[in-house]
1. Considering only residues that are open to solvent by 60 Å² or more (accessible area, probe 1.4 Å) and without any contact (Cβ under 8 Å) to a residue 60 or more places away in the chain, look in segment 200-210 and name the one that is farthest from Phe88 (Cα to Cα).
2. Give the residues of segment 149-205 that are of a type in the set (D, E, K, R) and under 23 Å from the mean Cα position of the chain (by Cα), sorted by residue number.
3. Which condition number in (1) assigned to a loop (DSSP other than H, G, I, E, B); (2) free of Cβ contacts under 8 Å to residues at least 60 places away in the same chain is the one that Ile102 fails?
4. Would you tally the residues in segment 67-96 being out of contact with any Leu (no Cβ under 9 Å at 6 or more places or on another chain) and acidic (Asp, Glu)?
5. Looking at (1) buried (at least 19 other Cβ atoms within 10 Å of the Cβ); (2) assigned to a strand (DSSP E or B), which is the one condition that is false for Gly222?
6. Have a look at Gly151, Gly140, Gly165 and point out the one that is closer than 15 Å to Thr225 by Cβ and either in contact with a Ser or Thr (Cβ under 9 Å, 6 or more places away or on another chain) or open to solvent by less than 70 Å² (accessible area, probe 1.4 Å) (or both).
Amino acid sequence: MENRLQRIFLIMIRNRLSALFIASMLTAPTCYGVGTEWEIADEQSLQTFEPDVERTVINKPDIDTEDFEFGVSYGLLSVEDFGVGGVFVTRLAYHVSEQIFIEGIYGQSETDRTSFEILNATDLLTPDQRTYEYYNLSLGYNLLPGEVFFGPDLTFVSELYAVVGAGSTDFAGDQFFTLNFGVGYRLLLTDEIALHIDVRDHMFNIDLLGVDKTTHNIEITGGLTWFF
C-alpha cells in the first residue's frame, strides 16, 4: 500500500513538472529565427551613422586653348659703355606644345653718352645713332610649370621658362648680329591674360671705341600678354 502511494505521488510530481515546462516553453520568447522580439528590439535600437564631412570643391584653371600670345613690356636695358635706359618691348609668341614656344621680339631704348665722351667733351654718336633697336627670334622652353597660392581661395597657374635665340641690333649707325638668352616667369592671371617678368642678355661684337669686343647688354622687363 505504501509503495503504491509513493508511485502515485511521483506520477503527480512528474506531470506537474511537465506541465510547468510546457507552459514556460510556450510563453518564453525565442532567441533565434526571424521576427522575434529580441531581433525587432535590436533593429529598432540600430541607428544609421552619416558622417558630416565638408567636401572641398576644386576648380581647375580654365586655361585658354589658343596658341598665339601677344604682349607689351617695359623695363631697363643696360647697354655696355652707354649707361642704363628705359626699354619698350613688344612680343609675339606661338606655342608649339605645352613645353615649347617660338617668340619674336622688338625692343627700343635710348642710350646715354659714354664716359669717354664726357671726359673728352666730344660726341661719338648723333642723337639718332643713340637709339638702340633690336629684333630677335627665340626658342623657349617651359621648365617648371606650377601654381602660386594667394590665400586659401586664390590660385594662379605659373611657369618658369628659358629662351635662347638670335637677331639683329641697330645701334651707332650700324647693324650687329646678336645672340640672346635668358629666363622668364609667366603668371596666368586669367584664362587669357598673363603677367611676364623677363631677364635677357643681348650679346654682339662692336669696335666703336677702337677695340673689338663682345658686349653684354642686360635687359629686365615686366609686362602683360594676351592669348588669342
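The values are calculated or read from the model by the stated rules, or taken from the named source; none is laboratory data. All values derive from a computational prediction rather than experimental measurement. Here Cβ is always computed from backbone atoms with ideal geometry, including for glycine, and neighbour counts include all displayed protein chains. The accessibility values were calculated without ligands, DNA or RNA, using every heavy atom of the protein model including side chains. Shrake-Rupley method; radii C 1.70, N 1.55, O 1.52, S 1.80 Å.
1. Gly210
2. Asp153, Glu159, Arg186, Asp191, Glu192, Asp198
3. (1)
4. So the answer is 2.
5. That leaves (1) as the condition not met.
6. Result: Gly140 is the single residue among Gly151, Gly140, Gly165 that is closer than 15 Å to Thr225 by Cβ and either in contact with a Ser or Thr (Cβ under 9 Å, 6 or more places away or on another chain) or open to solvent by less than 70 Å² (accessible area, probe 1.4 Å) (or both).
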